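Reading through the structure tokens given below for one structure.
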Amino acid sequence: MKFFPLAAASVLALAGLSASAFAAPTVGATVYGPDGNEVGKIEQVTGGNVVIDTGNLKAAIPADTISDGEKGPTIGWNKADLEAAAGAANAEAGAALEAKLVGGTEVYSSDGIVLGKVNKVEGDLVVVDLKDGATSLPKKQMAVQADKLTFLATAADVEAALAAQGGD
């Protein structure tokens, strides 16, 4: 299953709803759409976001976009609309990532430190030229954040992993 973040403004705009004071979302609770039909279940609540598992995918939405409905927690999208929006967000994020995976692009750690530059992409790995030599990093742990190619680990974690492999 895939995990997709969605923007609060988009959710609210599409739904035509305003954020309401909703009691804290509960893991396991069923989430409903504006039509009263089930969208999915709350799988996780973290950092102001709620992960909804539709059975086909997992989508993160801001917790403040959930309101109290007749049946329980309600969002402004039905299941098909949420899945379509998540698919579109995934395609957009994938295209942005692919555009950044070219030689010479700086690679940042999740804490904003430049790790090195992309040398090349080899299948599921990105070869990155670090200050101490080249290393391969998993492409699935790369994302575009604030328009920067980011490896989803801190610089300290990368250094520790390289040291453990004898790369330091």
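The values are calculated or read from the model by the stated rules, or taken from the named source; none is laboratory data. From a predicted model like this one, the values you see are computed outputs, not experimental measurements. Here the Cβ is made from the backbone with ideal geometry for all residues, glycine too, and neighbour counts use every protein chain on show.
Quick notes on this one:
- Restricting Lys79, Lys100 to those that are closer than 30 Å to Gly116 by Cα, surrounded by 16 or more Cβ atoms within 10 Å (Cβ to Cβ) and either within 14 Å of the chain's Cα centre (by Cα) or touching a residue at least 12 places away in the same chain (Cβ under 8 Å) (or both) reduces the list to Lys100.
- Yes/no for Gly112 being out of contact with any Phe, Trp or Tyr (no Cβ under 8 Å at 6 or more places or on another chain), small (Gly, Ala, Ser) and exposed (fewer than 15 other Cβ atoms within 10 Å of the Cβ): yes
- Scanning the stretch 134-161 for residues that are of a type outside the set (S, T, N, Q), in contact with a helix residue (DSSP H, G or I) (Cβ under 9 Å, 6 or more places away or on another chain) and outside any loop (DSSP other than H, G, I, E, B) yields Leu137, Lys139, Met142, Ala143, Val144, Lys148, Leu149, Phe151.
- The set of residues in the stretch 31-50 that are in contact (Cβ under 8 Å) with a residue 24 or more places away in the chain and surrounded by 15 or more Cβ atoms within 10 Å (Cβ to Cβ) comprises Val31, Tyr32, Gly33, Pro34, Glu38, Val39, Gly40, Ile42, Asn49, Val50.
- Qualifying residue in the stretch 139-150 (condition: more than 19 Å from Ala91 (Cα to Cα), in contact with an Asp or Glu (Cβ under 8 Å, 6 or more places away or on another chain) and of a type outside the set (A, V, I, L, M)): no
- Residue in the stretch 112-133 that is farthest from the chain's Cα centre (by Cα), counting only those that are over 15 Å from Leu152 (Cβ atoms) and outside any strand (DSSP E or B): Asp132
- If only residues of the stretch 55-69 that are farther than 14 Å from Val39 by Cα and among the charged types (D, E, K, R) are counted, the one that is surrounded by the most Cβ atoms within 10 Å (Cβ to Cβ) is Asp64.
- Hits in the stretch 51-66 (condition: over 24 Å from Lys139 (Cβ atoms) and either modelled with pLDDT under 95 or in a loop (DSSP other than H, G, I, E, B) (or both)): Thr54, Gly55, Ile61, Pro62, Ala63, Asp64, Thr65, Ile66
- A single entry from Ala99, Ala80 fulfils the requirement of being under 14 Å from Gly40 (Cβ atoms) and of a type in the set (A, V, I, L, M): Ala80.
- When Ala88 is tested against (1) of a type in the set (A, V, I, L, M); (2) outside any helix (DSSP H, G or I); (3) surrounded by fewer than 14 Cβ atoms within 10 Å (Cβ to Cβ), exactly one condition is not met: (2).
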